[in-house]
Amino acid sequence: SQYRTEFDRIIDFASTYGGALITIEGHSDPMGFLRKKKEGGDEVVLSKIRQAAKNLSYSRADSARSEIIKYAQSKGVNIDASQFNIIGHGIDKPKFEIPQSEGEWQQNMRVQFKVLQVEAEENVFRPLK
């Protein structure tokens, strides 16, 4: 119920524009990485933290896709799962580089939807030049 408005918007768009590609981008918060880096953590440990965050953000985006599809089905709307492209950014694109509050910290742990319009087939042949 927390994401109903966003899910409704995505479902409406996906069902209306069957040729559109929608990316679901997962993000993770960088605080654990930043703390370990500040403590002087070695590169192997930092690399493992970065990869774990990337895996988590991918799982977050994949879970959102699954929930959108289940939600659409519960509303009697059939959408094509292949319209959704999953991306896990990990800690590479935080909304807040160094969160200053719990609210900012929580906003870094997010999923974003981006709609990439896909052109339909051309009606008239035009050679590429």
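The values are calculated or read from the model by the stated rules, or taken from the named source; none is laboratory data. From a predicted model like this one, the values you see are computed outputs, not experimental measurements. Every residue, glycine as well, gets a Cβ built from its backbone with ideal geometry; the counts of neighbours run over all protein chains shown. For accessibility, only protein heavy atoms count, side chains too; no ligands or nucleic acids. Shrake-Rupley method; radii C 1.70, N 1.55, O 1.52, S 1.80 Å.
The listed residues are Lys75, Lys48, and the only one of them that is open to solvent by 20 Å² or more (accessible area, probe 1.4 Å), of a type in the set (D, E, K, R) and modelled with pLDDT of 95 or more turns out to be Lys48. Exactly one residue out of Ser28, Ser15, Ser1 is hydroxyl-bearing (Ser, Thr, Tyr), closer than 21 Å to Asn108 by Cα and at pLDDT below 95: that is Ser1. Helices (runs of 4 or more DSSP H) fully within segment 20-129 that include at least 3 residues being free of Cβ contacts under 8 Å to residues at least 24 places away in the same chain, over 19 Å from Gln2 (Cα atoms) and not β-branched (Val, Ile, Thr): 31-38, 43-74.
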